[in-house]
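Written below as structure tokens is the structure these notes are about.
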Amino acid sequence: MEAANLSAAATGVALPSGPEASNSSPSPGAVVRSTPGGAALPGRQPPFSVFTVLVVTLLVLLIAATFLWNLLVLVTILRVRAFHRVPHNLVASTAVSDVLVAALVMPLSLVSELSAGRRWWLGSSLCHVWISFDVLCCTASIWNVAAIALDRYWTITRHLQYPLRTRRRASTLMIALTWALSALIALAPLLIGWGEAYDAQLQRCQVSQEPSYVVFSTCGAFYLPLGVVLFVYWKIYKAAKFRFGRHRRAVLPLPATVQVKEAPHEAEMVFKARRPTLTFQESGDSWRERKEKRAAMMVGILMGVFVLCWSPFFLTELISPLCACSLPPIWKSIFLWLGYSNSFFNPLIYTAFSKNYSNAFKSLFTKRR
């Protein structure tokens, strides 16, 4: 995932304006001079403006927060035995990919952002390593989101045919396929020479711009999992709508005042004189329905944030090489870091909808104190 140059938008020569512009045109043979200490002459902006320093500070904080939060999730899953099962292994796989994004990808991307002219000064070997980890970790993070959505979908719609043992096998298979597909997309240019990431003459390091590879990588890394997530959420929405309609049909009018209560964990018939309706409830189903409602809401928010974060980047990545056009560097940077921020939002979303994580975090910090 190519890193654009933020500093290019913040630096440059400020052209004079107004009356001075007409009187200050350079004469033939004029020479641009600079002070011995490298100080900026009048008419030049400093190498890093206040806005650039502020943006870089925010990006550094984003990197640190992404790394620490995902690391906290991993430590919690490793220390709490109750988390050593599905769906927490899917959450752990997502956290591993997001930790790698924060530790290996985002810092070098920031270095590339700050280099003048978006040049890569760290050599071809490190360029290939960085690009490979960039594609690998970001693709794995995206597919892990799709795997979590699939697991929640099967839990909601097939809870009788999807017991714990089946969930373990399915989640293990999804994790293996996620990392295998991500490795294939990341290593394809190196294994079969599908384009070149490093340009020695321009000193530029970016994902291969070979049109065929661009279509293959963007479809495999984003558009295919996007289709999976959209399909899953549509099916969850239909299942929730069906259940809501079914429960509304379970409310029937009665002509007399009756109150009947049967054994717990079975259907309860409750009648109130003020509202002549008979309501069927089941304690087990109500608990499951609350759990499924939270799971559906989590999948919806996870999907929405995922689409908002990555759609702009992958749209430009697919369109730019095919139409031989490009966006300004500042927009490329915005779209790139918006995609990286998805690794920060992932642990916030799937832990915010779980009381187990909040209790585990509290116990973890209490023990350390």
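The values are calculated or read from the model by the stated rules, or taken from the named source; none is laboratory data. What you see is a predicted model, and the numbers here were worked out from it, not measured in a lab. Glycine gets a Cβ as well: all are built from the backbone with ideal geometry, and neighbour counts include every protein chain shown. We work out accessible area using only protein heavy atoms, side chains counted, and drop any ligands, DNA or RNA first. Shrake-Rupley method; radii C 1.70, N 1.55, O 1.52, S 1.80 Å.
Assorted remarks:
- Number of the exception - Met298 against (1) over 18 Å from Trp143 (Cβ atoms); (2) at pLDDT below 85: (1)
- Against the numbered list (1) part of a helix (DSSP H, G or I); (2) in contact with a helix residue (DSSP H, G or I) (Cβ under 9 Å, 6 or more places away or on another chain), His159 comes up short only at (1).
- Selected residue (only one of Val73, Val99 is surrounded by 14 or more Cβ atoms within 10 Å (Cβ to Cβ), in contact with a Leu (Cβ under 9 Å, 6 or more places away or on another chain) and part of a helix (DSSP H, G or I)): Val99
Here is a yes/no grid of residues against (1) modelled with pLDDT under 90; (2) of a type in the set (S, T, N, Q); (3) in contact with a Phe, Trp or Tyr (Cβ under 7 Å, 6 or more places away or on another chain); (4) at positive phi:
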| site | (1), (2), (3), (4) |
| --- | --- |
| Leu308 | no, no, no, no |
| Pro312 | no, no, yes, no |
| Leu322 | yes, no, no, no |
| Leu327 | yes, no, no, no |
| Lys332 | yes, no, no, no |
| Asn346 | no, yes, no, no |
| Ala352 | yes, no, no, no |
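- Breaking point among (1) touching a residue at least 60 places away in the same chain (Cβ under 8 Å); (2) open to solvent by 60 Å² or more (accessible area, probe 1.4 Å); (3) in contact with a helix residue (DSSP H, G or I) (Cβ under 7 Å, 6 or more places away or on another chain), for Val207: (2)
- Residues that are at pLDDT 80 or above and β-branched (Val, Ile, Thr) are absent from the stretch 243-253 altogether.
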